[in-house]
Amino acid sequence: MKTVLVVDDDPSIRALIRLFLEGAGYTVAEAGDGRRGMRTLLASPVDLLILDIFMPEMDGLEVLQKLREQHRDCKVMAISGGSAKIGMDLLSHATIFGADAVLEKPFDEATLIDRVGKLIGPPTA
């Protein structure tokens with residue numbers, strides 16, 4: 001079974017992503033900030049990391065940079081809804097830092113499942 005780690009400081013976003021992905025058959029783990037996300041990754045590898053850009057403690061770009069230094073084989077999808085608010089496209093920066101895909105919030109279930117499937121395949125393959 002494929003495992004996805006969702007790292008986002010918003011518990012409602014984590015719960016929604018969990019609902020969508022578990023409904024599709026994926027196993028989901030969660031972390032509420034970048035530091036916890038890195039600890040989780042070090043303790044147990046995952047197939048995909050869904051990573052929010054704006055977070056306290058350690059933001060998504062910092063996590064992505066450290067991840068690429070240590071775990072090059074983990075797929076990463078960066079998510080954000082705050083780029084338009086600050087007038088910067090930080091999702092494009094995430095691809096520069098090594099994200100395999102990006103997804104702008106808000107998103108729907110079908111789009112999320114499609115992107116995850118393209119990155120890591122179906123849940124049981």
Quiz item: Looking at this structure, is Asp73 surrounded by 15 or more Cβ atoms within 10 Å (Cβ to Cβ), over 11 Å from the mean Cα position of the chain (by Cα) and farther than 16 Å from Phe107 by Cα?
Solution: no
Practice problem: Could you look through the range 91-116, keep only residues that are more than 14 Å from the chain's Cα centre (by Cα) and hydrophobic (A, V, I, L, M, F, W, C), and pick out the one that is modelled with the highest pLDDT? | Solution: Ala110
Exercise. Please name all residue pairs, on different chains or six or more residues apart, with Cβ atoms under 6 Å, provided the first residue is in the range 110-125 and is touching a residue at least 40 places away in the same chain (Cβ under 8 Å) and the second residue is in a helix (DSSP H, G or I) and surrounded by 13 or more Cβ atoms within 10 Å (Cβ to Cβ).
Key: Leu112/Phe20; Ile113/Ala24
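The values are calculated or read from the model by the stated rules, or taken from the named source; none is laboratory data. From a predicted model like this one, the values you see are computed outputs, not experimental measurements. Every residue, glycine as well, gets a Cβ built from its backbone with ideal geometry; the counts of neighbours run over all protein chains shown.
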